[in-house]
Amino acid sequence: MPNRFSRRQLITTAGATVAGVSGLAIGARVASQNGLIPPGYDRLYGPGETLTYASQRLLTRHSLAREFPRSQISAKPFANLGRSAGKEFEAFQKEHPEGFANWKLTIDGLVSKPGSWTLAELMRYPTRSQITQLTCEEGWSFVAEWIGVPLAHMLELAGIQPQARFVAYASIQPGWSDSIDIADALHPQTLVTYAMNGGDLPIGHGGPLRLRVPRQLGYKSVKFLTRLTVTDTLKDHWQPGDYSWFAGI
Ligand SMILES: Nc1nc2c(c(=O)[nH]1)N[C@H]1C(S)=C(S)[C@@H](COP(=O)(O)O)O[C@H]1N2
Ligand SMILES: [Mo]
(Lines give C-alpha, C1' and ligand atoms only; values in the text may rest on other atoms or scores of the structure.)
(Ligands and ions follow the chains in the order given, each with its own letter.)
Protein backbone atom coordinates (compact mmCIF):
# COMPACT_ATOMS: atom_id res chain seq x y z
CA MET A 1 0.00 0.00 0.00
CA PRO A 2 1.60 3.25 -1.11
CA ASN A 3 -0.33 5.44 1.33
CA ARG A 4 -0.54 5.16 5.07
CA PHE A 5 -3.99 6.70 5.07
CA SER A 6 -6.95 5.12 3.35
CA ARG A 7 -9.16 7.35 1.25
CA ARG A 8 -11.84 7.15 3.90
CA GLN A 9 -9.43 8.29 6.61
CA LEU A 10 -8.31 11.16 4.40
CA ILE A 11 -11.88 12.31 3.96
CA THR A 12 -12.53 12.07 7.72
CA THR A 13 -9.37 14.05 8.46
CA ALA A 14 -10.30 16.73 5.94
CA GLY A 15 -13.79 16.95 7.47
CA ALA A 16 -12.35 17.38 10.94
CA THR A 17 -10.05 20.13 9.70
CA VAL A 18 -12.94 22.01 8.14
CA ALA A 19 -14.99 21.64 11.32
CA GLY A 20 -12.02 22.89 13.32
CA VAL A 21 -11.56 25.95 11.15
CA SER A 22 -15.24 26.92 11.19
CA GLY A 23 -15.23 26.36 14.97
CA LEU A 24 -12.44 28.90 15.17
CA ALA A 25 -14.36 31.31 12.96
CA ILE A 26 -17.40 31.08 15.26
CA GLY A 27 -15.12 31.63 18.23
CA ALA A 28 -13.74 34.73 16.54
CA ARG A 29 -17.26 36.07 16.03
CA VAL A 30 -18.10 35.54 19.69
CA ALA A 31 -14.84 37.22 20.66
CA SER A 32 -15.64 40.18 18.43
CA GLN A 33 -19.02 40.68 20.12
CA ASN A 34 -17.31 40.76 23.50
CA GLY A 35 -14.50 43.20 22.84
CA LEU A 36 -11.88 40.49 22.75
CA ILE A 37 -10.48 41.07 19.29
CA PRO A 38 -6.81 41.98 19.11
CA PRO A 39 -6.05 45.15 17.13
CA GLY A 40 -5.91 44.94 13.35
CA TYR A 41 -7.70 41.61 13.36
CA ASP A 42 -9.05 42.02 9.84
CA ARG A 43 -5.65 42.46 8.32
CA LEU A 44 -3.16 40.92 10.67
CA TYR A 45 -4.67 38.17 12.69
CA GLY A 46 -6.36 34.94 11.87
CA PRO A 47 -9.00 33.23 14.01
CA GLY A 48 -6.31 31.26 15.86
CA GLU A 49 -4.56 34.31 17.25
CA THR A 50 -7.88 35.92 18.07
CA LEU A 51 -8.83 32.94 20.18
CA THR A 52 -5.49 32.99 21.96
CA TYR A 53 -5.93 36.65 22.83
CA ALA A 54 -9.59 36.26 23.77
CA SER A 55 -9.11 33.23 25.99
CA GLN A 56 -6.05 34.75 27.68
CA ARG A 57 -7.98 37.97 28.29
CA LEU A 58 -10.92 36.09 29.79
CA LEU A 59 -8.61 34.07 32.03
CA THR A 60 -6.11 36.74 32.98
CA ARG A 61 -8.03 40.01 33.13
CA HIS A 62 -7.66 39.99 36.89
CA SER A 63 -4.68 37.75 37.40
CA LEU A 64 -1.26 38.72 38.66
CA ALA A 65 2.11 37.72 37.31
CA ARG A 66 3.90 35.50 39.80
CA GLU A 67 5.96 37.39 42.37
CA PHE A 68 9.00 35.76 43.93
CA PRO A 69 10.68 35.95 47.33
CA ARG A 70 13.82 38.08 47.58
CA SER A 71 15.95 34.92 47.81
CA GLN A 72 15.00 34.05 44.22
CA ILE A 73 16.45 37.23 42.67
CA SER A 74 18.96 36.19 39.97
CA ALA A 75 22.54 36.81 41.01
CA LYS A 76 23.64 37.74 37.49
CA PRO A 77 20.71 39.03 35.45
CA PHE A 78 21.43 38.99 31.74
CA ALA A 79 21.32 42.42 30.10
CA ASN A 80 20.33 41.77 26.52
CA LEU A 81 22.39 44.49 24.89
CA GLY A 82 22.67 42.75 21.52
CA ARG A 83 20.44 45.17 19.66
CA SER A 84 20.48 47.86 22.29
CA ALA A 85 21.01 51.49 22.43
CA GLY A 86 24.68 52.20 21.55
CA LYS A 87 24.37 54.95 18.98
CA GLU A 88 21.08 56.32 20.28
CA PHE A 89 22.68 56.79 23.70
CA GLU A 90 25.69 58.54 22.22
CA ALA A 91 23.32 60.93 20.45
CA PHE A 92 21.38 61.53 23.68
CA GLN A 93 24.59 62.17 25.61
CA LYS A 94 25.73 64.73 23.02
CA GLU A 95 22.44 66.57 23.26
CA HIS A 96 22.36 66.30 27.06
CA PRO A 97 25.88 66.56 28.50
CA GLU A 98 24.28 67.00 31.94
CA GLY A 99 23.06 63.40 31.75
CA PHE A 100 19.71 61.94 32.67
CA ALA A 101 18.60 65.01 34.66
CA ASN A 102 16.82 66.10 31.49
CA TRP A 103 15.38 62.71 30.60
CA LYS A 104 11.66 63.16 30.20
CA LEU A 105 8.67 60.92 29.93
CA THR A 106 5.99 62.48 27.74
CA ILE A 107 2.36 61.41 27.97
CA ASP A 108 0.04 62.46 25.15
CA GLY A 109 -2.85 61.26 23.01
CA LEU A 110 -6.28 60.69 24.56
CA VAL A 111 -5.53 62.46 27.86
CA SER A 112 -6.92 65.73 29.21
CA LYS A 113 -3.59 66.85 30.73
CA PRO A 114 -0.74 65.86 28.42
CA GLY A 115 2.70 66.64 29.77
CA SER A 116 6.30 65.63 30.38
CA TRP A 117 7.83 64.39 33.62
CA THR A 118 11.49 64.29 34.64
CA LEU A 119 12.91 61.31 36.51
CA ALA A 120 13.00 63.33 39.73
CA GLU A 121 9.31 64.12 39.32
CA LEU A 122 8.43 60.49 38.63
CA MET A 123 10.28 59.44 41.76
CA ARG A 124 8.03 61.59 43.94
CA TYR A 125 4.96 59.55 43.05
CA PRO A 126 3.86 56.40 44.90
CA THR A 127 6.40 53.65 44.41
CA ARG A 128 5.68 50.01 43.83
CA SER A 129 8.31 47.33 43.98
CA GLN A 130 7.85 43.78 42.74
CA ILE A 131 10.02 40.74 42.17
CA THR A 132 9.03 39.17 38.87
CA GLN A 133 10.57 37.16 36.09
CA LEU A 134 11.55 38.64 32.75
CA THR A 135 11.22 35.96 30.09
CA CYS A 136 12.75 36.38 26.64
CA GLU A 137 11.05 34.76 23.68
CA GLU A 138 14.43 33.13 22.98
CA GLY A 139 14.12 30.97 26.05
CA TRP A 140 16.15 32.60 28.83
CA SER A 141 14.83 34.43 31.85
CA PHE A 142 15.82 36.06 35.10
CA VAL A 143 14.15 37.25 38.27
CA ALA A 144 14.69 40.81 39.47
CA GLU A 145 13.15 43.38 41.73
CA TRP A 146 11.62 46.17 39.65
CA ILE A 147 10.86 49.52 41.26
CA GLY A 148 8.83 52.36 39.83
CA VAL A 149 5.53 54.16 39.60
CA PRO A 150 2.48 52.18 38.41
CA LEU A 151 1.60 53.11 34.84
CA ALA A 152 -2.04 53.39 36.02
CA HIS A 153 -1.00 56.23 38.34
CA MET A 154 0.65 58.16 35.50
CA LEU A 155 -2.38 57.64 33.25
CA GLU A 156 -4.67 58.91 36.00
CA LEU A 157 -2.50 62.00 36.46
CA ALA A 158 -2.55 62.68 32.74
CA GLY A 159 -6.34 62.39 32.71
CA ILE A 160 -6.87 59.26 30.62
CA GLN A 161 -10.08 59.57 28.61
CA PRO A 162 -12.82 56.95 28.50
CA GLN A 163 -12.37 56.08 24.82
CA ALA A 164 -8.80 54.90 25.49
CA ARG A 165 -8.17 51.35 24.28
CA PHE A 166 -4.39 51.09 24.04
CA VAL A 167 -1.22 52.69 25.31
CA ALA A 168 1.53 52.93 22.72
CA TYR A 169 5.03 53.55 23.99
CA ALA A 170 8.29 54.65 22.45
CA SER A 171 11.95 54.67 23.39
CA ILE A 172 15.04 56.49 22.16
CA GLN A 173 15.50 53.52 19.82
CA PRO A 174 13.38 54.01 16.71
CA GLY A 175 12.66 50.29 16.20
CA TRP A 176 11.73 49.78 19.82
CA SER A 177 8.22 51.02 20.28
CA ASP A 178 5.26 48.87 21.19
CA SER A 179 1.78 48.96 22.68
CA ILE A 180 -0.49 47.21 25.16
CA ASP A 181 -4.22 47.20 25.71
CA ILE A 182 -5.88 49.06 28.57
CA ALA A 183 -6.24 45.87 30.63
CA ASP A 184 -2.45 45.59 30.79
CA ALA A 185 -1.87 49.36 30.98
CA LEU A 186 -4.03 49.74 34.10
CA HIS A 187 -2.83 46.47 35.60
CA PRO A 188 -1.27 47.03 39.06
CA GLN A 189 1.96 45.24 38.09
CA THR A 190 2.64 47.32 34.98
CA LEU A 191 5.27 49.82 36.10
CA VAL A 192 7.28 52.72 34.76
CA THR A 193 10.54 51.58 36.36
CA TYR A 194 13.58 53.66 37.29
CA ALA A 195 15.26 51.26 39.72
CA MET A 196 16.14 47.57 39.88
CA ASN A 197 17.37 45.34 42.71
CA GLY A 198 17.55 48.30 45.06
CA GLY A 199 19.79 50.50 42.86
CA ASP A 200 19.40 52.71 39.80
CA LEU A 201 18.11 50.88 36.75
CA PRO A 202 21.33 49.95 34.89
CA ILE A 203 21.61 51.19 31.30
CA GLY A 204 21.93 47.57 30.16
CA HIS A 205 18.49 46.87 31.58
CA GLY A 206 16.91 49.98 30.08
CA GLY A 207 17.97 52.77 32.42
CA PRO A 208 17.12 55.42 33.16
CA LEU A 209 13.48 54.45 32.45
CA ARG A 210 11.77 51.28 31.33
CA LEU A 211 8.21 50.07 31.00
CA ARG A 212 7.85 46.75 32.79
CA VAL A 213 4.94 44.58 31.61
CA PRO A 214 5.37 41.40 33.63
CA ARG A 215 2.36 39.57 32.22
CA GLN A 216 3.90 39.51 28.75
CA LEU A 217 7.17 38.31 27.23
CA GLY A 218 10.34 40.37 27.73
CA TYR A 219 10.20 42.20 24.42
CA LYS A 220 7.09 44.12 25.56
CA SER A 221 9.17 45.60 28.43
CA VAL A 222 10.70 48.35 26.31
CA LYS A 223 13.89 49.97 27.61
CA PHE A 224 14.89 53.66 27.44
CA LEU A 225 11.26 54.76 27.59
CA THR A 226 10.48 58.32 26.46
CA ARG A 227 6.83 58.52 25.45
CA LEU A 228 3.41 57.07 26.22
CA THR A 229 0.58 57.75 23.80
CA VAL A 230 -2.97 56.87 24.79
CA THR A 231 -5.02 55.89 21.75
CA ASP A 232 -8.16 54.14 20.55
CA THR A 233 -6.45 52.59 17.52
CA LEU A 234 -3.07 51.10 16.77
CA LYS A 235 -3.25 52.09 13.12
CA ASP A 236 -0.27 54.44 13.43
CA HIS A 237 1.43 52.62 16.29
CA TRP A 238 1.98 49.03 15.37
CA GLN A 239 3.03 47.04 12.37
CA PRO A 240 3.34 43.30 12.13
CA GLY A 241 6.96 42.29 12.54
CA ASP A 242 8.82 39.26 13.79
CA TYR A 243 7.06 39.42 17.14
CA SER A 244 3.37 38.95 17.78
CA TRP A 245 1.55 41.93 19.31
CA PHE A 246 0.11 39.98 22.22
CA ALA A 247 2.71 38.00 24.15
CA GLY A 248 0.83 37.00 27.30
CA ILE A 249 2.54 34.56 29.64
N1 LIG B 1 14.65 49.61 23.79
C2 LIG B 1 14.76 48.26 23.83
N3 LIG B 1 13.95 47.55 24.63
C4 LIG B 1 14.05 46.20 24.68
C5 LIG B 1 14.99 45.50 23.87
C6 LIG B 1 15.86 46.29 23.06
O7 LIG B 1 16.74 45.77 22.36
N8 LIG B 1 15.72 47.66 23.06
N9 LIG B 1 15.02 44.11 23.91
C10 LIG B 1 13.80 43.45 24.38
C11 LIG B 1 13.93 42.01 24.60
S12 LIG B 1 13.79 41.02 23.22
C13 LIG B 1 14.05 41.48 25.83
S14 LIG B 1 14.00 39.80 26.09
C15 LIG B 1 14.25 42.33 27.01
C16 LIG B 1 15.58 42.00 27.66
O17 LIG B 1 15.71 42.70 28.85
P18 LIG B 1 17.09 42.77 29.63
O19 LIG B 1 18.11 43.41 28.74
O20 LIG B 1 16.82 43.52 30.87
O21 LIG B 1 17.52 41.35 29.89
O22 LIG B 1 14.20 43.72 26.70
C23 LIG B 1 13.30 44.08 25.67
N24 LIG B 1 13.23 45.51 25.53
MO1 LIG C 1 13.73 38.91 24.00
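The values are calculated or read from the model by the stated rules, or taken from the named source; none is laboratory data. Every value quoted in this text rests on a predicted model; they were computed, and no experiment measured them. Neighbour counts run over all protein chains shown; Cβ positions are idealised from the backbone, glycine included.
General remarks:
One line per residue, one yes/no per condition, for (1) exposed (fewer than 12 other Cβ atoms within 10 Å of the Cβ); (2) at pLDDT 80 or above:
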{"position": "Thr13", "(1), (2)": "yes, no"}
{"position": "Ala19", "(1), (2)": "yes, no"}
{"position": "Gly27", "(1), (2)": "no, no"}
{"position": "Tyr53", "(1), (2)": "no, no"}
{"position": "Lys76", "(1), (2)": "yes, yes"}
{"position": "Ala91", "(1), (2)": "no, yes"}
{"position": "Glu95", "(1), (2)": "yes, yes"}
{"position": "Gly99", "(1), (2)": "yes, yes"}
{"position": "Ile107", "(1), (2)": "no, yes"}
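- Count of the stretch 201-249 residues which are among the polar types (S, T, N, Q), part of a strand (DSSP E or B) and either within 13 Å of the chain's Cα centre (by Cα) or within 16 Å of ligand 2 (Cβ to nearest atom) (or both): 1
- If you go through the stretch 163-215 and keep only what is of a type in the set (Val, Ile, Thr), surrounded by fewer than 21 Cβ atoms within 10 Å (Cβ to Cβ) and either within 16 Å of Gln133 (Cβ to Cβ) or modelled with pLDDT of 95 or more (or both), you end up with just Ile182.
Condition check ((1) at pLDDT 55 or above; (2) under 23 Å from Ala183 (Cα atoms)) across all residues:
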site: Arg8; (1), (2): no, no
site: Gln33; (1), (2): yes, yes
site: Arg57; (1), (2): yes, yes
site: Glu67; (1), (2): yes, yes
site: Arg70; (1), (2): yes, no
site: Lys104; (1), (2): yes, no
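- The residue list Val149, Val192 contains one member that is in a strand (DSSP E or B), within 16 Å of ligand 1 (Cβ to nearest atom), touching a residue at least 12 places away in the same chain (Cβ under 8 Å) and among the hydrophobic types (A, V, I, L, M, F, W, C), which is Val192.
- Enumeration of residues in the stretch 113-130 that are among the hydrophobic types (A, V, I, L, M, F, W, C) and touching a His at 6+ places or on another chain (Cβ under 7 Å): none
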